[in-house]
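What follows is a short report on a single structure.
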Amino acid sequence: MRPYFIHQSVYDDVFTSDKNYYRKTTKRLKLPKLTSEQNYDVIIVGGGLSGLATAYYLTYKHGRKVALFERHFIGWGASGRNGGQIWPGYMSPATRMLRRFGFEKTKKLWDISVAGVDYILNLIEKHNIHCELAPGAIAPIRHTQHNLRSIEKEMTLMARLGSPLELYDSKQTQEALSAAEGYYCAALVDKSHAWHFHPLKYASGLAKIIAESADIYEDTPVIGIDNSDGKATVFAPEGRATAQHVVLCGDSYLGQLVPKLRRKYVLIRNSMIATDKLPAKTNCMLENLCATEYGDDLLFYRKTADNRLMIGGGDAVQPDMHLIASEQKNIDVLKDSIKTIFPQIGNIDIPYVWGGYIGVTTSYLPYTGCIDGNIYYMGGYSGHGVNLTHAFGRIFADAIAENRDSTNTALDLIRNMSLPGKGDFDVYLARLGMFLESVKQRFD
């Protein structure tokens, strides 16, 4: 019997008018949709960075016959609308991971994240992918988040983990960012292990390489999976395909395709805006570092290669608030932040506005695993997925090639609490999670 899965509109773009800067500045690939019956070694569901990385390593490292199914187009989800920041680590602070796992296991998890950064850099260099890569990242600290003891503890741990950070004082931070005087009191800086880029140009460039040796289908939503006869059959509206292995890489956009996975995260909306090109004489982010605010405010911003300011941030998460009103509130917060942090920019036009969902787990650590020995999954990056997608893609490609149902890495240590409701209570769970996070931060 053919199983059916009906997507809810909530899993598509938050903003209905497509004003995504990345999409407007990337030449989209023209790839076919599945309209026949096919057989593969591995089928990958999801055309973001997780799916692309997994497809790349299965194809080029292990020689598998691979198909990748994408519901819309390559990089449609978070992979084509994020802040473009490539940092080692996880959304969960390393100091918290240390308390949970101890140093040796934390170091193994950290090394996985560092490897993910290296994999991206290697692919960009090897395949000459033009994606506006630039070095350096900064975590500016507001006065409300300035706890010198916690900052020194984090710097000590980062040095032990092999990713030392530099501490800027208030003046250095202001000069690096061209921020309003006194707005930030310090910053943690990484000019050796962190980068930023145009994520959709990168995803499109990587997809073009993969398409030379694997089948990529766009406009091909997966509406059901039948795994009852030793092989998996994956159904699309106009075709189907069978494979020995399936890898689920849709993360927060898988919806109820596999209901048990929907209980591993809550959906949080993320919004971004980009300005018109800044006037030539405008001082803004002179060191060209990507920035993510330290602590729980989580504004992130950077300058684009064509001299625009791009800034993003998370949802207000207000229960019973009208969807459009909530979107507008997020956008207004971002516009006001530009005026507050960079008053020299003035009332510049904002032609680009976009957003979507990310999946956030209870621990801020990702979820990975295997179902029935042949359906693998990865997700829950919680807003810190660019480097992790590549590390996980390679790890799972190796596991499939060796016919293992575990990664045999420190990822197998991570356990996230299953949440009630399969998405019905996301707003309330997110609000509770934010409160608990504010408590946890007191111990970081």
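The values are calculated or read from the model by the stated rules, or taken from the named source; none is laboratory data. The shown structure was predicted, so the numbers you read here are calculated from the model rather than taken from an experiment. Glycine also receives a Cβ, built like all others from the backbone with ideal geometry; neighbour counts cover every protein chain displayed. Calculation scope for accessible area: heavy atoms of the full protein, side chains included, ligands and nucleic acids excluded. Shrake-Rupley method; radii C 1.70, N 1.55, O 1.52, S 1.80 Å.
How much area per residue is accessible in the chain when the probe is 1.4 Å and only protein heavy atoms are counted (Å²)?
Numbers: 18810 Å² over 444 residues.
Here the residues of the chain average 42 Å² of exposed surface.
Residues with beta-carbon under 13 Å from that of Tyr40, excluding Tyr40: net charge, scoring Lys, Arg +1 and Asp, Glu -1?
Numbers: positive: Arg64, Lys65, Lys231, Arg240; negative: Glu37, Asp41, Asp215.
Neighbourhood net charge equals +1.
Net charge around Ala305, counting only other residues with Cβ within less than 13 Å of its Cβ (Lys, Arg = +1; Asp, Glu = -1)?
+3
Taking the 0 to 90 degree range and rounding to the nearest ten, how far is the long axis of helix 323-341 tilted relative to the main principal axis of the chain, both from C-alpha atoms?
40 degrees
Ratio of Rg to Rh for the chain, alpha carbon only, Kirkwood? Let's see the in-between values first.
On the way: Rg = 21.1 Å, Rh = 22.2 Å.
Result: Rg/Rh = 0.95.
What number comes out for the charge environment of Lys277, summing +1 per Lys or Arg and -1 per Asp or Glu over other residues with Cβ under 14 Å away? Kindly include the intermediate steps, with their values, before the conclusion.
Working: positive: Lys24, Lys281, Lys303, Arg308; negative: Asp276, Asp306, Asp349.
Net charge around Lys277: +1.
Of all the stretches in the chain, which is the longest one without any exposed loop site, taking chymotrypsin sites (Phe, Trp or Tyr not before Pro) in a DSSP loop (any state but H, G, I, E, B) with at most 16 other Cβ atoms within 10 Å?
Numbers: sites that count: Tyr4, Phe5, Phe425.
Longest gap between qualifying sites, sites excluded: 6-424.
Straight distance only, please: which lysines reach the Cα of Lys171 with their own Cα at less than 28 Å, same-chain residues fewer than 8 apart left out?
Lys153, Lys191, Lys277, Lys281, Lys303, Lys335, Lys339
Suppose every Lys and Arg Cβ carries +1 and every Asp and Glu Cβ carries -1, with no other charges. What dipole size does the chain come out with about its Cα centre, to the nearest 20 debye? Let's see the in-between values first.
Working: 50 positive and 47 negative charges, 48 e Å.
I would put it at about 240 debye.
List every residue whose amide H lies under 5 Å from the amide H of Thr220, counting only residues 5 or more places away in sequence or on a different chain, with H placed 1.01 Å from N in the peptide plane.
The answer is Glu70, Arg71, His72.
Amide H neighbours of Ser178 under 5 Å, at least 5 residues apart or on other chains, H built in the peptide plane: list them.
Met285, Leu286
What size of dipole, in debye to the nearest 20, comes out for the range 12-160 about its Cα centre when the only charges are +1 on Lys and Arg C-beta atoms and -1 on Asp and Glu C-beta atoms?
Working: 23 positive and 13 negative charges, 45 e Å.
So the dipole magnitude of the range 12-160 works out to roughly 220 debye.
Between the range 24-82 and the range 252-287, what's the alpha-carbon centroid distance in Å?
About 20 Å separates the Cα centre of the range 24-82 from the one of the range 252-287.
From the phi angles alone, apply the Karplus equation (6.51, -1.76, 1.60; θ = phi - 60°) to the range 245-251 and give each ³J(HN,Hα) in whole Hz, x where the residue is Gly or Pro.
Those phi angles translate into 10, 10, 10, 8, 10, x, 6 Hz.
Just Ile225, Ile350, Ile210 to compare: in a GNM of the chain, with alpha carbon springs under 10 Å, which one fluctuates most?
Ile350
Any chance you could count the Lys pairs in the range 8-112 whose alpha carbons are under 25 Å apart, treating pairs 8 or more apart or on different chains as valid?
Details: Lys19/Lys27; Lys19/Lys30; Lys19/Lys33; Lys24/Lys33; Lys30/Lys65; Lys33/Lys65; Lys61/Lys108.
Counting lysine pairs in the range 8-112 gives 7.
At 222 nm, what value in deg cm²/dmol follows for the chain if DSSP H runs of at least 4 each add -39500 (n - 2.57) and the sum is divided by all its residues, to the nearest 500?
Only helices count here, giving -9500 deg cm²/dmol.
Distance between Cα centroids, the range 212-244 to the range 117-191: provide it in whole Å.
42 Å
Over the range 322-387, what relative contact order in percent results from Cα pairs under 8 Å that are six or more residues apart?
The normalised contact order for the range 322-387 reaches 23 percent.
Report the relative contact order of the chain, percent, no decimals, based on alpha-carbon pairs under 8 angstrom and at least 6 residues apart.
So the answer I get is 26 percent.
To the nearest 20 debye, what charge dipole does the range 71-118 have about its Cα centre, counting +1 at the Cβ of each Lys and Arg and -1 at the Cβ of each Asp and Glu? Walk me through the intermediate numbers first.
Numbers: 8 positive and 3 negative charges, 55 e Å.
Its charge dipole is roughly 260 debye.
Determine the gain in length on full extension of the stretch Glu37-Asn408; use 0.36 nm per residue of separation and subtract their C-alpha separation, reporting nm with one decimal. List each step's numbers first, then the result.
Values: separation 371, 0.36 × 371 = 133.56 nm, distance 3.40 nm.
Stretched out fully, the Glu37 to Asn408 stretch lengthens by 130.2 nm.
Would you calculate the separation in nanometres between label points at Lys65 and Leu286, each defined as 7 Å from the Cα along the Cα-to-beta-carbon direction?
Result: 6.0 nm between the two label points.
Assuming 0.36 nm per residue, please report the length gained on full extension of the stretch Lys191 to His143 beyond their Cα-Cα distance.
Length gained between Lys191 and His143: 15.0 nm.
Hey, can you grab everything whose amide H is under 5 Å from the amide H of Ala186? Only 5+ residues off in sequence or another chain; H modelled, so Pro and N-termini drop out.
So Ala186 has HN proximity to Ile141.
When the Karplus curve 6.51 cos²θ - 1.76 cosθ + 1.60 is applied with θ = phi - 60°, which whole-Hz ³J(HN,Hα) does each residue of the range 119-129 get, with x for Gly and Pro?
4, 4, 4, 5, 5, 4, 6, 4, 9, 6, 7
Report ³J(HN,Hα) in whole Hz for each residue of the range 185-200, in order, from the Karplus equation J = 6.51 cos²θ - 1.76 cosθ + 1.60 where θ = phi - 60°; Gly and Pro get x.
Ordered by residue, 3J(HN,Hα) equals 9, 5, 6, 9, 10, 10, 9, 10, 10, 10, 8, 8, 7, 8, x, 6 Hz.
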